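The values are calculated or read from the model by the stated rules, or taken from the named source; none is laboratory data. Predicted model, so just to flag it, every value in this text is computed and none were measured. Positions of Cβ are backbone-derived with ideal geometry, glycine not excepted, and every protein chain shown enters the neighbour counts. Just the protein is used for accessible areas: all its heavy atoms, side chains included, with ligands, DNA and RNA removed. Shrake-Rupley method; radii C 1.70, N 1.55, O 1.52, S 1.80 Å.
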Amino acid sequence: MIFGLLKKKNHNRAIVDRQYATLTSLARAPFFYSDLDVPDTVMGRYEMLSIVMILFFRRTAKSGVSGQELAQEIVDAFFQDIDHSIRELGIGDQGVPKRMKKLAGMFYGRLESYAAALEAGDSEALAAALQRNIHPDRQAAPDMRGLADWMMKAEAALAVVSEDEISRGAAVLPQPGT
């Protein structure tokens, strides 16, 4: 019995790796940083990766059990990646848990605020939330409507992704600027 569970997990590894690579590659698309006013910094990249993960997580929340399991494994991979990145930045073992807790709190806070705006179809509220989160220290932060519009478009595109594509790790979000 336990070997069956381990085998399923190993089978999912390739699917998780493929889907995670697709999502992270999209989050690194230069257009977000050059044209949509996301800062090309460690935190700006965290914000974009969070946005892409949130969109995927929202889509798979409507999936069957296998899609939800896949989503959880991808979110786990996301946080493992963040943990690894924090360590690469030179944060010592003592400081990593505290930073991870803060970043996880930020992620789930963003999930709630973006989800509320996406559910309501309110791109203005989404743009305002993006502005607060991506540019928290700037009074005259850039307008984030372009990114909000892309998120609305991406969510609509994900809504029509089949369960088969989700289960194979083949979900693709639209490229920004297209």
Among (1) touching a helix residue (DSSP H, G or I) at 6+ places or on another chain (Cβ under 8 Å); (2) open to solvent by 60 Å² or more (accessible area, probe 1.4 Å), SER123 falls short only on (2)
Given (1) acidic (Asp, Glu); (2) in contact with a Phe, Trp or Tyr (Cβ under 9 Å, 6 or more places away or on another chain); (3) in a loop (DSSP other than H, G, I, E, B), index of the condition GLU73 fails: (3)
Condition first: out of contact with any Ser or Thr (no Cβ under 9 Å at 6 or more places or on another chain) and among the aliphatic types (A, V, I, L, M). Now tell me which residues in region 131-157 satisfy that. ILE134, ALA140, ALA141, MET144, LEU147, ALA154, ALA156, ALA157
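Out of the residues in region 23-50 meeting the condition of being open to solvent by less than 50 Å² (accessible area, probe 1.4 Å) and over 11 Å from the mean Cα position of the chain (by Cα), tell me which one is nearest to ALA104 (Cα to Cα).
To start, the set of residues in region 23-50 that are open to solvent by less than 50 Å² (accessible area, probe 1.4 Å) comprises 23-24, 26-27, 29, 32-33, 36, 38-39, 44, 46-50.
If we keep only those that are over 11 Å from the mean Cα position of the chain (by Cα) as well, we get 29, 32-33, 36, 38-39, 44.
On the way: ALA29: 23, PHE32: 22, TYR33: 23, LEU36: 24, VAL38: 20, PRO39: 20, GLY44: 15 Å.
So, considering only residues that are open to solvent by less than 50 Å² (accessible area, probe 1.4 Å) and over 11 Å from the mean Cα position of the chain (by Cα), the one nearest to ALA104 (Cα to Cα) is GLY44.
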Exactly one condition in (1) touching a His at 6+ places or on another chain (Cβ under 8 Å); (2) assigned to a helix (DSSP H, G or I) is false for PRO39; which is it? (2)
Residues being part of a loop (DSSP other than H, G, I, E, B) and either at pLDDT 80 or above or open to solvent by less than 100 Å² (accessible area, probe 1.4 Å) (or both): count how many of those fall in region 76-103. 4
